[in-house]
Amino acid sequence: MSASEAVVHVAFLPSAGMGHLNPCLRLAALFLGNGCKVTLITPKPTVSIAESNLISSFCSSFPHQVTQVHFNLIPLDPTTVSTNIDPFYLQFQTIRHSVHLLPPILSSLSTPLSALIYNVSLISAVVSISDKLLCPTYIYFTSSARMLSFNAYVAVLADSDPAAQPHPSTFIGDAVRVPGFTSPIPRSSVPVAFLLEGSNSFQRMIMEDSRNLTKLDGVLINSFEELEGEALAALNEGKVVRGLPPVYGIGPLMACEFENVDEGQKGSMSWILEWLDEQAEGSVVYVSLGSRTETRREQIKDTALGLIECGYGFVWVVKLKRVDREEGEDLEDVLGSELMGKVREKGVVVKEYVDQMKILGHPAVGGFVSHGGWNSITEAVWEGVPILTWPQYGDQKMTSEAIKMSGVGIWAEEWGWGTQKVVEGTEIAKKIKQMMSDESLRVKAREMKDAARKACGVGGSCEVIIKRLIEEWKRNA
Ligand code: UDP
Ligand code: UDP
């Protein structure tokens, strides 16, 4: 068989949560669209219902090109796991702990693998078995290039500190000045768990992964030149860390057909869209803190009051539980019937998983209040919707910085992390008005939308990169 006829076979290994699964499957769809065969390795059991539904839908959409391989995880010893641990984070740890089971699974596949593309949360674990995998390995990074630069640079920082075993709270200092960056990352934007005194598994994971980044064959990231040109250049020019593998900006990853949830699961979607159809163009704010952030009870009332006061219509998605399997309570019981009545006079409130891309793509939507989850951000960019970020935890302040610098969004910096204080309704209304009335934001969002469409269009950066990788793998077959 000549190199051009070789079957390119790519295995994908996602991690827990929709924010990690969505980009994985969207990326897999790109390779499928370019004639590759795909194996999807699915860690079992799955944490949320939304994940199970999406995996089924993906596999049944490509019955001939996709093989699903179950990866049965070994549970962690319950006596070593804290009882209030985030179930998604626990799943990251469980996959890392079970990763030695992968080589036999992958070597038994009927077609040899051209490449393995796996989730960022598994770097060191997969690196530890990569000599047994017999194919190049890549990660798909689920956050911004700014966050990737931070993750890459922390090992350099730690090693440059004269203290024997410097702790992140020491070597981070007042800000992280990543080489090649115009604006430093302030200490206050660093994930809280990374700075905690003592040692925790999150710190260890970030540090270990930071040191292992140079062992990868490449990093695929959901970003693109116009959105994060400076960070992508710094990473690829060796300014952040020497010896880093290529960082491929394949974003923005687009929503795919298989994500269309069917009517049975869709719940409120049809009437949300009907309601949006009746609203004036650009007059509605979409409010969602992502797939796994439960809105704090003490914040719900003020958020409702802010939305009522802001003067715009709204679609508000409220998660009452982190994991959808546990959702049971009625929104009306939480908000109270009087407030619920007022909310419904002005907008729509739901707690179900919604088809976010359909909402963001509706002409009535003119702004997005988001926690700053990177998938949500790139989806808003794709649709040209201005953003107001309200970071809750983790990477979300860094993504807020990236958005602010790109000019497509504003960030309510004075609100701190979502868990720090209760933001009053009046303040929320004020910020929403600011976002909705800012003409320069709208212009910039439209420009970025055009750039996003170009990056994903025929001959755009995404296609060029995917084709180049496929050619490289064929040559090496
Ligand atoms: N999402 C959705 N409907 C919801 C909540 C989330 O479609 O009700 C999708 C959203 O479009 C995005 C992903 O789930 O693709 C969430 O990822 P993100 O990085 O924005 O945030 P996370 O949920 O990981 O905090
Ligand atoms: N985490 C946390 N506090 C933080 C940062 C992270 O508890 O300040 C935990 C959180 O539970 C999350 C995990 O560490 O699930 C990974 O964090 P990251 O921000 O990378 O998660 P992502 O949103 O990308 O899944």
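The values are calculated or read from the model by the stated rules, or taken from the named source; none is laboratory data. Here the structure is a predicted model, which is why all the values come from computation and not from measurement. Positions of Cβ are generated from backbone atoms using ideal geometry, with glycine treated the same way; all protein chains shown enter the neighbour counts. Calculation scope for accessible area: heavy atoms of the full protein, side chains included, ligands and nucleic acids excluded. Shrake-Rupley method; radii C 1.70, N 1.55, O 1.52, S 1.80 Å.
With I410, I387 as the choices, which residue is away from ligand 1 (no atom under 12 Å from the Cβ), of a type in the set (V, I, T), touching a Ser or Thr at 6+ places or on another chain (Cβ under 8 Å) and closer than 23 Å to T182 by Cβ?
Values: I387 fails: away from ligand 1 (no atom under 12 Å from the Cβ).
Criteria check complete, one pass: I410.
Residues of segment 150-159 being within 18 Å of G180 (Cβ to Cβ) and open to solvent by 80 Å² or more (accessible area, probe 1.4 Å), which ones?
Filtering segment 150-159 down to residues within 18 Å of G180 (Cβ to Cβ) leaves 150-157.
Scanning segment 150-159 gives no hits.
Being farther than 16 Å from L116 by Cβ, outside any loop (DSSP other than H, G, I, E, B) and modelled with pLDDT under 95, is that true of even one residue in segment 65-73? Please lay out each step first, then the result.
Of all residues in segment 65-73, those farther than 16 Å from L116 by Cβ come to 65, 70, 72-73.
Filter once more, keeping what is outside any loop (DSSP other than H, G, I, E, B): 70, 72.
Checking which are modelled with pLDDT under 95 leaves us with none.
There is no residue in segment 65-73 that is farther than 16 Å from L116 by Cβ, outside any loop (DSSP other than H, G, I, E, B) and modelled with pLDDT under 95.
Can you find even one residue in segment 59-76 that is within 16 Å of ligand 2 (Cβ to nearest atom) and without any contact (Cβ under 8 Å) to a residue 24 or more places away in the chain? It would help to see each step written out before you state the result.
The initial filter retains those residues of segment 59-76 that are within 16 Å of ligand 2 (Cβ to nearest atom), namely 76.
Next, only the ones that are without any contact (Cβ under 8 Å) to a residue 24 or more places away in the chain stay: 76.
Yes, that holds for at least one residue.
Could you look through segment 292-329, keep only residues that are without any contact (Cβ under 8 Å) to a residue 24 or more places away in the chain and outside any helix (DSSP H, G or I), and pick out the one that is surrounded by the most Cβ atoms within 10 Å (Cβ to Cβ)?
Initial filter on segment 292-329 (without any contact (Cβ under 8 Å) to a residue 24 or more places away in the chain): 326, 328-329.
Retained after the next criterion (residues that are outside any helix (DSSP H, G or I)): 328-329.
On the way: G328: 7, E329: 11.
Top of the filtered list is E329.
Please state which one of T46, T42 is without any contact (Cβ under 8 Å) to a residue 60 or more places away in the chain, within 16 Å of ligand 1 (Cβ to nearest atom) and touching a helix residue (DSSP H, G or I) at 6+ places or on another chain (Cβ under 6 Å). Full working, then the answer.
On the way: T42 fails: within 16 Å of ligand 1 (Cβ to nearest atom).
That would be T46, the only listed residue that is without any contact (Cβ under 8 Å) to a residue 60 or more places away in the chain, within 16 Å of ligand 1 (Cβ to nearest atom) and touching a helix residue (DSSP H, G or I) at 6+ places or on another chain (Cβ under 6 Å).
Kindly evaluate T46 against the criterion of being part of a strand (DSSP E or B) and either open to solvent by 20 Å² or more (accessible area, probe 1.4 Å) or within 25 Å of F88 (Cα to Cα) (or both). Steps first, answer last, please.
Values: part of a strand (DSSP E or B): no; either open to solvent by 20 Å² or more (accessible area, probe 1.4 Å) or within 25 Å of F88 (Cα to Cα) (or both): yes.
Spelling it out, it is not the case that T46 is part of a strand (DSSP E or B) and either open to solvent by 20 Å² or more (accessible area, probe 1.4 Å) or within 25 Å of F88 (Cα to Cα) (or both).
Residue check: is P63 more than 16 Å from ligand 1 (Cβ to nearest atom), more than 17 Å from Y140 (Cβ to Cβ) and out of contact with any helix residue (DSSP H, G or I) (no Cβ under 7 Å at 6 or more places or on another chain)? Reasoning before the result, please.
On the way: more than 16 Å from ligand 1 (Cβ to nearest atom): yes; more than 17 Å from Y140 (Cβ to Cβ): yes; out of contact with any helix residue (DSSP H, G or I) (no Cβ under 7 Å at 6 or more places or on another chain): yes.
Yes.
May I ask you to verify whether L253 is under 22 Å from F12 (Cα atoms) and either surrounded by 14 or more Cβ atoms within 10 Å (Cβ to Cβ) or without any contact (Cβ under 8 Å) to a residue 40 or more places away in the chain (or both)? Let's see the steps before the verdict.
Numbers: under 22 Å from F12 (Cα atoms): yes; either surrounded by 14 or more Cβ atoms within 10 Å (Cβ to Cβ) or without any contact (Cβ under 8 Å) to a residue 40 or more places away in the chain (or both): yes.
For L253, the condition - under 22 Å from F12 (Cα atoms) and either surrounded by 14 or more Cβ atoms within 10 Å (Cβ to Cβ) or without any contact (Cβ under 8 Å) to a residue 40 or more places away in the chain (or both) - is met.
Where residues in segment 373-405 are away from ligand 2 (no atom under 16 Å from the Cβ) and of a type in the set (D, E, K, R), which of them is most open to solvent (accessible area, probe 1.4 Å)?
Ranking the candidates gives K404 first.
When you check G198 against the structure, is it open to solvent by less than 50 Å² (accessible area, probe 1.4 Å), within 15 Å of ligand 2 (Cβ to nearest atom) and part of a loop (DSSP other than H, G, I, E, B), yes or no? Give the steps one after another, and end with the answer.
Values: open to solvent by less than 50 Å² (accessible area, probe 1.4 Å): yes; within 15 Å of ligand 2 (Cβ to nearest atom): yes; part of a loop (DSSP other than H, G, I, E, B): yes.
So G198 fits the description; yes.
Output the number of the condition that I410 fails; it satisfies all remaining conditions of (1) open to solvent by less than 40 Å² (accessible area, probe 1.4 Å); (2) more than 16 Å from ligand 2 (Cβ to nearest atom); (3) assigned to a helix (DSSP H, G or I).
It is condition (3) that I410 fails.
If you go through segment 330-372, how many residues are within 16 Å of ligand 2 (Cβ to nearest atom), assigned to a loop (DSSP other than H, G, I, E, B) and open to solvent by less than 10 Å² (accessible area, probe 1.4 Å)?
Step one: of segment 330-372, the residues within 16 Å of ligand 2 (Cβ to nearest atom) are 356, 370-372.
Keeping just the survivors that are assigned to a loop (DSSP other than H, G, I, E, B) gives 371-372.
If we keep only those that are open to solvent by less than 10 Å² (accessible area, probe 1.4 Å) too, we end up with 372.
Total meeting the criteria: 1.
Go over the candidates F31, F58 one by one and state the one that is more than 16 Å from ligand 1 (Cβ to nearest atom), in a helix (DSSP H, G or I) and touching a helix residue (DSSP H, G or I) at 6+ places or on another chain (Cβ under 8 Å). Talk me through it step by step, then tell me what you get.
On the way: F58 fails: more than 16 Å from ligand 1 (Cβ to nearest atom).
Exactly one residue qualifies, and that residue is F31.
Considering only residues that are of a type in the set (G, A, S) and open to solvent by less than 20 Å² (accessible area, probe 1.4 Å), look in segment 201-219 and name the one that is farthest from ligand 2 (Cβ to nearest atom). Before the answer, list the steps.
Looking only at segment 201-219, we keep the residues that are of a type in the set (G, A, S), and these are 201, 210, 218.
Still in the running and open to solvent by less than 20 Å² (accessible area, probe 1.4 Å): 210, 218.
Values: S210: 13, G218: 20 Å.
The extreme case among them is G218.
Of the residues S183, S143, S149, S223, only one is assigned to a helix (DSSP H, G or I) and of a type in the set (G, A, S); which? Spell out the reasoning first.
Working: S183 fails: assigned to a helix (DSSP H, G or I); S143 fails: assigned to a helix (DSSP H, G or I); S223 fails: assigned to a helix (DSSP H, G or I).
Every option except S149 fails the conditions.
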